[in-house]
Amino acid sequence: MPIDVYLNVAVSGVLTGLVYGLMALGLSVIFGVVRVVNFAHGEMMTVAMYIAVTLFSALRLDPLVMLIPIAVVLFAFGYVLQAGLINPFITRPEHSQFLLLVGIAIIIVNGLLIMFGPNSQNVQVAYAFDSFQFGRLIIDATKAYAALAAVAVSAALFVFFRSTMLGTSIRACADNYTGALVVGLNVKRLYALTFALGTACVGAAGPMLLLIFDVTPAAGPAYTLLAFVIVITGGLGSMPGALVGGVLIGLTEAMAGLLFTPSAKSMFAFAILVLVLLFRPQGIMGKRAA
């Protein structure tokens, strides 16, 4: 098989992996600050995908054009969910948090199933079959646009956490909960804001991923599992690690689909996870516990 075939598939996997990374970034942000594992993460992204499908079907609005409005809707949903329902569970045992979020996930999946049915749905944008050619390298336009949007959103989130007073306050809550209370920070409000930012990430990633894959209600649990694989591989709680893990898993899936069979891609993604857990339990970019 010509070397350019491998190169094209690898680039395609990296582009998809950047969108995976944005999806997992939301999960990493939520856990890194709130210390709650969002077991409804992928289900929330399917909500964003179905919103994009509905807007495209009814108004012919491009999913990338609606990326920010959909992210805002998921931001509001996440804020209300955290402030009204999840926050009382913050100090409860982890199994209580697990049951709560799994219950939310089941409600979302079945709600989508009632509204949209079990069949897969997608969008056919005008540039669906466009591509960019650089010598022997051919890049799918939809994946390129989705990856660029994912990089832009991720960069904006990094700038927010590193360069704004609010972002610094959130990081202070993550570093020292008691210290944040002592200096007068409204921790409950900051937790709700962080959870909202995490859901906004999947709100943005959903329309991007819709350009690449079809959506079904049953896809939610699969995306949740994929997000866990990515954040554990990259380092749970590490924002750069989420992006690195996303790219690695996207590349692994693409190459496994080429060299073996598309149905084997998940097997190799989990093989990467197992190797990371064996040789670097804290993840590729995670910090070893003191």
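The values are calculated or read from the model by the stated rules, or taken from the named source; none is laboratory data. Quantities reported herein were computed from a predicted structural model and do not represent experimental measurements. Heads up, the Cβs are rebuilt from the backbone with ideal geometry, glycines too, and the neighbour counts pull from every protein chain shown. The area values use the complete protein model at the heavy-atom level, side chains included, leaving out ligands, DNA and RNA. Shrake-Rupley method; radii C 1.70, N 1.55, O 1.52, S 1.80 Å.
VAL125 meets each of the listed conditions (1) closer than 28 Å to LEU15 by Cα; (2) open to solvent by 50 Å² or more (accessible area, probe 1.4 Å); (3) of a type in the set (A, V, I, L, M); (4) touching a helix residue (DSSP H, G or I) at 6+ places or on another chain (Cβ under 9 Å) apart from (2). Limited to the range 88-126, what total is found for residues that are out of contact with any Leu (no Cβ under 8 Å at 6 or more places or on another chain), in contact (Cβ under 8 Å) with a residue 60 or more places away in the chain and among the β-branched types (Val, Ile, Thr)? Adding up the residues that qualify gives 4.
Selection of the range 188-205 for residues being more than 16 Å from LEU157 (Cβ to Cβ) and open to solvent by less than 20 Å² (accessible area, probe 1.4 Å) yields TYR191, ALA192. Here ILE30 fulfils each of the conditions (1) at pLDDT 95 or above; (2) among the aliphatic types (A, V, I, L, M); (3) surrounded by 24 or more Cβ atoms within 10 Å (Cβ to Cβ) apart from (1).
Going by the structure shown, is GLY111 of a type outside the set (A, V, I, L, M), in a helix (DSSP H, G or I) and touching a Gly at 6+ places or on another chain (Cβ under 7 Å)? For GLY111, the condition - of a type outside the set (A, V, I, L, M), in a helix (DSSP H, G or I) and touching a Gly at 6+ places or on another chain (Cβ under 7 Å) - is not met.
Cβ separations smaller than 7 Å between residues 6+ apart or across chains give the following pairs from the range 59-80 residues that are touching a residue at least 60 places away in the same chain (Cβ under 8 Å) and within 16 Å of ALA152 (Cα to Cα) to residues that are part of a helix (DSSP H, G or I) and open to solvent by 80 Å² or more (accessible area, probe 1.4 Å): LEU64/TYR145.
Can you tell me which residues in the range 161-187 are loosely packed, with under 14 Cβ neighbours inside 10 Å, in a helix (DSSP H, G or I) and touching a helix residue (DSSP H, G or I) at 6+ places or on another chain (Cβ under 9 Å)?
So in the range 161-187, the residues loosely packed, with under 14 Cβ neighbours inside 10 Å come out as 162-166, 168, 175-176, 178-179, 181-184, 186.
Next, only the ones that are in a helix (DSSP H, G or I) stay: 162-163, 165-166, 168, 175, 178-179, 181-182.
Result: ARG162, LEU166, THR168, GLY179, LEU181.
Can you tell me which residue in the range 135-152 is farthest from GLY21 (Cα to Cα), limited to those that are open to solvent by less than 40 Å² (accessible area, probe 1.4 Å) and in a helix (DSSP H, G or I)? Checking each candidate, the answer is ALA141.
Yes/no matrix, rows are residues, columns are (1) surrounded by fewer than 21 Cβ atoms within 10 Å (Cβ to Cβ); (2) not β-branched (Val, Ile, Thr):
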{"site": "PRO217", "(1), (2)": "no, yes"}
{"site": "VAL231", "(1), (2)": "no, no"}
{"site": "GLY234", "(1), (2)": "no, yes"}
{"site": "ALA254", "(1), (2)": "no, yes"}
{"site": "SER266", "(1), (2)": "yes, yes"}
